[in-house]
Amino acid sequence: MKPAVWIVFCAALMPVVAPAAEDGSKAAIERDSRDWPVIISTLKESLWRSPNDGSVKTQLSIAHNNYGVKLGDQGKWQLAIDELEEAVKLDPQTTDFRKNLSRMYLQQAASLRTEAANRSTSRQQDVKVAGLVRKALTYDPTAAEAYAMLGEIEYENQRLKEAKQAWEKASKLNPNLPGLREAMQKLSEELPVEGDFDRLTHLYFDIRYEESQVNRSVGFDVQETLLQARRDVGNAFRYWPSNKMIVLVYSAQTFHAMRQNTPEWVGGQYDGKIRLPLPGGELDASVVRQILYHEYTHALVRDLAAGKCPVWLNEGLAEYQGARAGRRYTELLADALKKNQLFPWKELDAHFSPSLSAAEVGLAYQEAHSIVAYLSDRYGFWRLRKVLANVGGGMPVDQALSKEFHTPLERLERNWRDWLPGFAR
């Protein structure tokens with residue numbers, strides 16, 4: 001699932017037109033603009049011969065800037081930054097040079113964020129990105145995108161007050177920044193509740209909970225269940241994230257009050273953070289255990305499929321792992337099988353919409369679970385890990401399934417239907 005807060009970042013770099021110089025270097029730049037290293041080398045030699053020639057120095061700073069812009073267009077961030085830093089060093093007063101360098105730092109940071117958007121990022125990665133953003137601000141303190149990105153990092157690490165401060169600065173500079181208003185609205189709903197959450201920390205989990213609604217022993221029970229999920233689900237996928245995962249535990253009343261458009265049947269959520277409502281405000285160990293296994297599976301699937309896993313497979317995997325820790329639900333599936341009302345695989349994703357009835361969505365969940373159970377039973381769960389890897393690499397899920405199981409999708413679906421009566425009993 002895409003992170004709940006993701007502000008669109010877009011910034012253009014500006015080449016600079018060189019003024020004429022007495023030695024004709026402007027003409028040289030125009031003539032050989034595709035070979036900036038040669039131009040820069042020639043201008044450096046000219047400056048060495050005439051160190052007091054201001055026009056050559058100007059030409060050289062522009063050449064470094066324009067070469068940096070070209071490298072940035074090619075995604076060669078560090079090389080571009082090196083060139084733009086040379087431009088600023090030669091002419092620190094030119095605003096365009098400073099803004100270009102600022103934007104290059106931001107584009108490098110945004111690139112790292114994009115690479116990590118569908119994976120659980122490490123604390124070291126966040127520190128690196130934040131460092132790049134702060135460098136950007138030293139060259140352009142008016143960069144709203146920089147404050148927006150800092151706010152994202154703070155939000156994802158559950159530092160909500162710091163996120164609010166960063167986003168407020170971004171809003172003052174550019175209130176129309178895409179995604180910013182929605183992010184601030186979401187934060188305004190979460191901060192009054194989550195800002196005062198108590199905290200339990202562990203090497204792999206950062207658990208926050210309402211102290212007034214959930215006592216500390218419940219927090220420890222959740223922590224133990226998460227550690228079990230990490231072992232069990234991690235063993236199934238052969239994947240154990242090293243980053244610390246944020247887990248937010250609410251009373252059921254608070255959870256649904258904050259998400260009034262969330263259907264009552266939603267047992268938990270994963271949006272880059274695991275969000276868990278405790279049933280009735282009390283700990284029902286079996287239910288909570290199943291929800292945690294389910295949501296923890298979503299976190300692993302996001303990483304393993306780079307956020308590209310279709311909903312039905314994502315939910316099927318989560319239901320399959322959740323059932324290992326709780327019970328298997330097949331009532332709706334058995335009835336649909338009996339009435340020949342099963343959803344075709346290719347249409348399954350459309351039946352997970354929260355606007356649909358609980359019965360229709362429930363059937364979609366049970367059917368997706370059964371497909372994963374069939375593929376695991378028939379071929380081995382380890383092969384589903386390979387499907388996720390192919391999907392993460394950009395392969396359509398239909399093609400990934402057919403490739404891994406050496407069977408056309410239509411035949412896989414027929415074989416699943418033949419197998420299903422034993423599962424749905």
- [ ] Could you work out how far the C-alpha centroid of the stretch 59-111 sits from that of the stretch 163-226, in angstrom?
- [x] 36
TODO: Please work out the Cα convex hull volume for the stretch 109-194 and give it in Å³ per residue.
DONE: 91
Task: Check: the chain dipole with +1 on Lys, Arg Cβ and -1 on Asp, Glu Cβ, in debye - done: 780
Task: Reachable aspartates and glutamates from Lys161, criterion Cα separation under 14 angstrom, eight or more residues apart if same chain - done: Glu152, Glu189, Glu190, Glu194, Asp196
Task: Degrees between helix 36-49 axis and first principal axis of the chain (Cα, 0 to 90, nearest 10) - done: 40
TODO: Could you rank the peptides 169-182, 135-148 by their average count of other C-beta atoms within 10 Å per residue, with the highest value first?
DONE: 135-148, 169-182
- [ ] Measure nothing but the geometry: give the 0 to 90° angle between the long axis through the Cα atoms of 144-156 and the longest principal axis through the Cα atoms of the chain, rounded to 10°.
- [x] 30
Task: Computed over the stretch 305-425: relative contact order in percent, which uses C-alpha pairs under 8 Å that are six or more apart - done: 37
Open item on the list: Which of rounded, prolate or oblate describes the stretch 25-93 when judged by the alpha-carbon gyration tensor and an a/c cut-off of 1.5?
Closed with: oblate
Task: Cα gyration tensor of the chain - equivalent ellipsoid semi-axes, whole Å, descending - done: 51, 27, 17
Task: Taking the chain and dividing mean pair separation by its residue count, relative contact order in percent (alpha carbons under 8 Å, at least six apart) - done: 11
- [ ] Please figure out what share of the DSSP beta bridges in the chain is antiparallel and state it in percent, rounded to the nearest 5.
- [x] 40
Open item on the list: List the residues, sorted by chain then number, that are 5 or more residues from Phe205 or on another chain and whose placed amide H is less than 5 Å from its amide H.
Closed with: Met245
- [ ] Quickly estimate the mean residue ellipticity at 222 nm for the chain, helices only: each DSSP H run with n ≥ 4 gives -39500 (n - 2.57), and the total goes over all residues, rounded to 500.
- [x] -20500 deg cm²/dmol
Open item on the list: List the residues, sorted by chain then number, that are 5 or more residues from Ala305 or on another chain and whose placed amide H is less than 5 Å from its amide H.
Closed with: none
Task: Protection proxy ranking, peptides 351-357, 369-375, 396-402, average beta carbon neighbours within 10 Å, highest first - done: 369-375, 396-402, 351-357
- [ ] For the stretch 60-159, take the alpha-carbon Rg, divide it by the Kirkwood Rh, and send me Rg/Rh.
- [x] 1.01
- [ ] Starting from one equal scatterer on each C-alpha and no solvent at all, send me the Debye-based log10 I(q)/I(0) for the stretch 349-425 at q = 0.11 Å⁻¹, two decimals.
- [x] -0.32
Task: Hits among lysines - C-alpha to C-alpha of Lys338 under 27 Å, sequence gap 8 or more where chains match - done: Lys346
TODO: Give me the angle, in degrees from 0 to 90, between the Cα long axis of helix 54-73 and the longest principal axis of the Cα atoms of the chain, rounded to the nearest 10.
DONE: 20
Open item on the list: Treating only the Cβ of Lys, Arg, Asp and Glu as charged (+1, +1, -1, -1), what charge dipole size does the stretch 109-194 show about its Cα centre? Round to the nearest 20 debye.
Closed with: 240
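Laboratory data are not the source of any read-out in this text; all were calculated from the coordinates shown. Quick caveat: nothing in here was measured; it's all calculated off a predicted structure. A quick note on method: Cβ atoms are made from the backbone with ideal geometry, for glycine too, and the neighbour counts reach across all protein chains shown.
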